[in-house]
């Protein structure tokens with residue numbers, strides 16, 4: 001249900017937004033602060049124009065007040081099996097400059113890895129992220 005409502009809000013935002021610097025992905029990743037029925041009820045009560053539109057200002061205030069920030073349902077997590085210099089592949093890289101580059105790329109995994117935050121486990125109905133048994137992304 002929350003995903004359908006989030007898609008509806010995204011469509012609504014797309015129809016009133018100035019399209020520059022707008023990333024629809026951010027709105028798909030927003031988690032609700034309150035249960036869905038309460039969030040929908042507030043949305044239904046937003047002031048509308050004669051054509052049924054909500055102003056960009058009112059919609060922004062609504063999203064800011066009733067949704068968490070994008071990406072707050074995951075947290076940084078260093079992979080448990082991370083080693084700074086992998087033994088299997090790295091010894092095969094003989095060229096010194098390429099080896100340095102490979103190590104730089106490999107080190108990015110420490111910053112790219114995420115795991116599901118505790119809030120998703122406690123109240124999955126508030127999130128668009130689907131919790132699976134695997135907690136690392």
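The values are calculated or read from the model by the stated rules, or taken from the named source; none is laboratory data. Just so it is clear, the model here is predicted, and its values are computed rather than measured. Heads up, the Cβs are rebuilt from the backbone with ideal geometry, glycines too, and the neighbour counts pull from every protein chain shown.
Per-structure values
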item: Pair list, Cβ under 7 Å, 6 or more apart: the stretch 79-95 residue under 26 Å from residue 116 (Cβ atoms), other residue in a loop (DSSP other than H, G, I, E, B) and at pLDDT below 85; result: none
item: Flag for residue 76 being in contact with a helix residue (DSSP H, G or I) (Cβ under 8 Å, 6 or more places away or on another chain) and exposed (fewer than 13 other Cβ atoms within 10 Å of the Cβ); result: yes
